[in-house]
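The values are calculated or read from the model by the stated rules, or taken from the named source; none is laboratory data. Fair warning: this is a prediction, and the values are worked out from it, not measured in the lab. Every residue, glycine as well, gets a Cβ built from its backbone with ideal geometry; the counts of neighbours run over all protein chains shown. With ligands, DNA and RNA removed, areas are computed over all heavy atoms of the protein, side chains included. Shrake-Rupley method; radii C 1.70, N 1.55, O 1.52, S 1.80 Å.
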Amino acid sequence: MALLPILRFPDVRLKKVAAPVTHIDDSIRKLAADMAETMYEAPGIGLAATQVDVHKRLIVIDTSEDKSDLRVFINPVLDSLEGSQTGEEGCLSVPGIYDKVERAERVTVHFLDLEGKKQSITTDGLLAVCIQHEIDHLDGIVFVDHLSQLKQVRIKSRLVKQSRVTA
Ligand code: NI
């Protein structure tokens, strides 16, 4: 396994729309394993392939406290969205920034697993938020895109300054 570099907002590559995975083979399984390792190391609770500059529709999520519930979603599609919840979100591509985002409370998502089998889950709470946040990444959307223009400008300038200091 290997740690993968994570793109940082406002990198334009985060705006790319990812293509469906057409064939689930060892390279996809390795990508999922590397992404999981990268997510745990960061540490974070979700990572989309877009964030490691691979523009394929694959996300990994683990919302457990003890890294015991790794979930891999290939070609995830939201079938239904119900209710709403607003919680503070952060993102490994937007380090140090947290803000409130409104999401659906309950979602049903269908996807392929690492064996290429069709799966579907209905869930709510944090996992539902995480699924929506990561699918957004596959569509080129970062959570700050849901915030006001003024906040986006402030966040961009703050992160650009940070990268100048650390680069
Ligand atoms: Ni994110």
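Each residue of the stretch 102-112 is assigned a 3J(HN,Hα), and the resulting list reads 8, 9, 5, 6, 9, 10, 10, 10, 10, 6, 9 Hz, derived from the Karplus form 6.51 cos²θ - 1.76 cosθ + 1.60 (θ = phi - 60°), x at Gly and Pro.
Per-residue ellipticity at 222 nm, computed for the chain from helices alone with -39500 (n - 2.57) per DSSP H run of at least four residues, works out to -9500 deg cm²/dmol. Here the Gaussian network model covers the chain, with springs between Cα atoms less than 10 Å apart; of Val107, Val94, Val12, Val12 fluctuates the most. DSSP assigns beta bridges within the stretch 1-152; of those with both partners inside it, close to 95 percent run antiparallel.
Using a probe of 1.4 angstrom, how much of the accessible area of the stretch 116-167 is carbon and sulfur, in percent? Answer for the stretch 116-167 is 55 percent, counting heavy atoms of protein chains only. For the stretch 15-28, putting each phi into the Karplus relation 6.51 cos²θ - 1.76 cosθ + 1.60 with θ = phi - 60° gives couplings of 8, 5, 8, 6, 8, x, 6, 9, 9, 8, 10, 4, 5, 6 Hz, in residue order, rounded to whole numbers and with x for Gly and Pro.
Over the stretch 12-166, accessible surface divided per residue gives 52 Å², non-protein components excluded, 1.4 Å probe. Amide H contacts of Val21 (H built 1.01 Å from N, in plane; Pro and chain starts excluded): Arg57, Asn75 sit under 5 Å, all sequence-distant by 5 or more or on other chains.
Along its first, second and third principal axes, ordered by size, the stretch 12-166 spans 44, 36, 31 Å in Cα coordinates. Here is the list for the stretch 80-141: GluC sites (Glu not before Pro) lying in DSSP coil, each with at most 13 other C-beta atoms within 10 angstrom of its C-beta, are Glu115.
Quick query: amide H of Glu89 versus all other amide H atoms, modeled in the peptide plane; which residues come in under 5 Å with a sequence gap of 5 or more or a different chain? Under 5 Å from the amide H of Glu89: Asp99, Lys100, Val101.
Contact order, relative form, for the chain: 24 percent (alpha carbon pairs under 8 Å, 6 or more residues apart, mean separation divided by residue count).
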